[in-house]
Amino acid sequence: MTQSAAAQKPPATPRRLDPEDAQHALAEVQERLRRQQLVADLVHRQEEGDAKANLVEDLVHRQHEAELKTLLDGLHPADIAFILESLPKDERQTIWKLVSPEHDADVLLEVEDWVRESLIEAMDRQDLVAATGNMDADELADLAPDLPPDVVAEVQKGLTEEERAQLLEAMGYPEDSVGAIMDFEMVRVREDVTLEVVLRYLRRLHELPDHTDQIFVVDRQDKLQGILPLSRLLVSEPETEVRAVMNSDFLTLNPLDSDADAAGAFERYDLVSAPVMDDQGRLIGRVTIADVVDVMREDSQEQALSRAGLQEEDIFAPVSTALRNRAPWLLFNLCTAATASFVASQFEGTVSQIVILAFLMSIVAGIGGNSGNQTMTLIIRALAMGRITGRNLWQLVKRELFVTLMVGLCGSLVAALFAWAISHSISIALVMMAAMVCNMLVGASVGVLVPMVRARFGKDPAMGSSVLLTFATDSLGFFIFLGLATIFLL
């Protein structure tokens, strides 16, 4: 018996929206939620127990839910994740209940960690088991830390011995390592078979693993012998043996390598995928460009937050959570600002006699901070890319100080002209010029030292760096400017 054409047709795949369309979808979801809340508020203003009003509310509520579900069913899981991340927690839970169960697993993998936790909390045990039951081992390992232990144990029962071993292996690697992001799905062949055999083998597969650009050639002990690019497979004669066309010179990763180092290798060598080998030379997985893009995005977000002394948080999190995240560095910043004010107060006599200094000293502090911020950004990026070593460190420091000195001399001439224009004093202009150059050099020095010292002790180079830089350039900027003014102007 043959199946009908309709039965043979594969199910439709939700289309992926571009960023602007995703934002339009978010706006539409928010508008429908607003209308639903408006109707509920109007009904609640009616007399309590009004059966007709309650019936109208129920009908409108069902209509809005149906419209929202239709909208969500047409979205890609990544776009659904974007919408969930952009809604307050109560609205997020409302939308999450309307997401089709077949998309639950993909959405959980797409959303940020802080959103995933709230979504998992809203799901019962049966729904969680159903959502994670068909995940690959590497995907399940990503979610395992957020899942209840009994759900993980239940899902493990449905895995094969090989899949269970892969899951335990992936969960055993450090969070920021290659092993934590590697994929276990890949195509392996022997070197003594012909390309025709390889092609027949590929045709029997339902589909190739995502981002398959090369086939891995292994021996009977799964030790990697070479790689066979798909492009070479397609253009070579079918009778040719794999060993004759495979590449024996290829890049490999170790599961304990840093994921940031792997991302750097992908960027440097324009890779789409790379094999992961253990210490015995056995092929245990691969890393794809999709994994690397996620690593780069997360590192970029963490770096941007770290520079302000922040950690990742739900933008709609309770106020208490936000306070715990932001208060420590803000209190530290308050202390540094108080220190800078104390330094300025010690020159009260100087400022009281030459009042114009009070207007000029903020320029000195601000320019020093901006200069240091430029240097610090370059250093943090170079550290992230692994470009700073013990051999080039001193050369890099000298270069940054020289560049800052040249820029400072040019900028200080403009500042000196401005100081002379508003004070009509050559002496004040010269003090302004000297203080500005000195504070820019201070900013450059701090911009190099803070990230380097933190990296030396295994800390995040970006964490709180801007706060420490501001403390140095404000305090020392006031001290240098007002100190020079005290010496040469009084």
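Below, the figures for the structure above:
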| item | result |
| --- | --- |
| Residues of the stretch 22-37 classified as open to solvent by 60 Å² or more (accessible area, probe 1.4 Å) and modelled with pLDDT under 80, total | 1 |
| The listed residue being within 15 Å of MET361 (Cα to Cα) and either assigned to a helix (DSSP H, G or I) or assigned by the TED database to the domain that holds SER258 (or both), out of PHE418, PHE402 | PHE418 |
| The stretch 198-246: number of residues that are charged (D, E, K, R) and closer than 21 Å to MET277 by Cβ | 7 |
| In the stretch 109-156, the residues that are hydrophobic (A, V, I, L, M, F, W, C) and touching a Phe, Trp or Tyr at 6+ places or on another chain (Cβ under 9 Å) | VAL111, LEU119, ALA122, MET123, ALA137, ALA141 |
| Residue match in the stretch 330-342 (condition: within 24 Å of the chain's Cα centre (by Cα), in contact (Cβ under 8 Å) with a residue 24 or more places away in the chain and over 20 Å from LEU476 (Cβ atoms)) | no |
| Leading residue by the ranking (nearest to the chain's Cα centre (by Cα)) among those in the stretch 378-419 that are open to solvent by 60 Å² or more (accessible area, probe 1.4 Å) and within 15 Å of SER465 (Cα to Cα) | ARG381 |
| Inter-residue pairs, beta-carbon under 7 Å, first under 12 Å from HIS64 (Cβ atoms) and in the stretch 27-43, second modelled with pLDDT under 70 and surrounded by 14 or more Cβ atoms within 10 Å (Cβ to Cβ), 6+ apart | VAL39/GLU57; ALA40/GLU57 |
| Selection within the stretch 431-445 - surrounded by fewer than 24 Cβ atoms within 10 Å (Cβ to Cβ) and either farther than 15 Å from PHE481 by Cα or touching a Phe, Trp or Tyr at 6+ places or on another chain (Cβ under 8 Å) (or both) | SER445 |
| Where PRO255 falls short, out of the listed (1) assigned to a helix (DSSP H, G or I); (2) surrounded by 14 or more Cβ atoms within 10 Å (Cβ to Cβ) | (1) |
| ASP314 vs. criteria under 9 Å from the mean Cα position of the chain (by Cα) and either open to solvent by 50 Å² or more (accessible area, probe 1.4 Å) or modelled with pLDDT under 75 (or both) | no |
| Yes/no for ALA455 being within 27 Å of the chain's Cα centre (by Cα) and either assigned to a helix (DSSP H, G or I) or among the hydroxyl-bearing types (Ser, Thr, Tyr) (or both) | yes |
| Given (1) of a type outside the set (Val, Ile, Thr); (2) touching a Lys or Arg at 6+ places or on another chain (Cβ under 9 Å); (3) open to solvent by less than 10 Å² (accessible area, probe 1.4 Å), index of the condition SER466 fails | (3) |
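The values are calculated or read from the model by the stated rules, or taken from the named source; none is laboratory data. The shown structure was predicted, so the numbers you read here are calculated from the model rather than taken from an experiment. Backbone-built Cβ (ideal geometry, glycine too); neighbour counts: all protein chains shown. The protein model used for the area step is the full one, side chains on, heavy atoms only, and it has no ligands, DNA or RNA in it. Shrake-Rupley method; radii C 1.70, N 1.55, O 1.52, S 1.80 Å.
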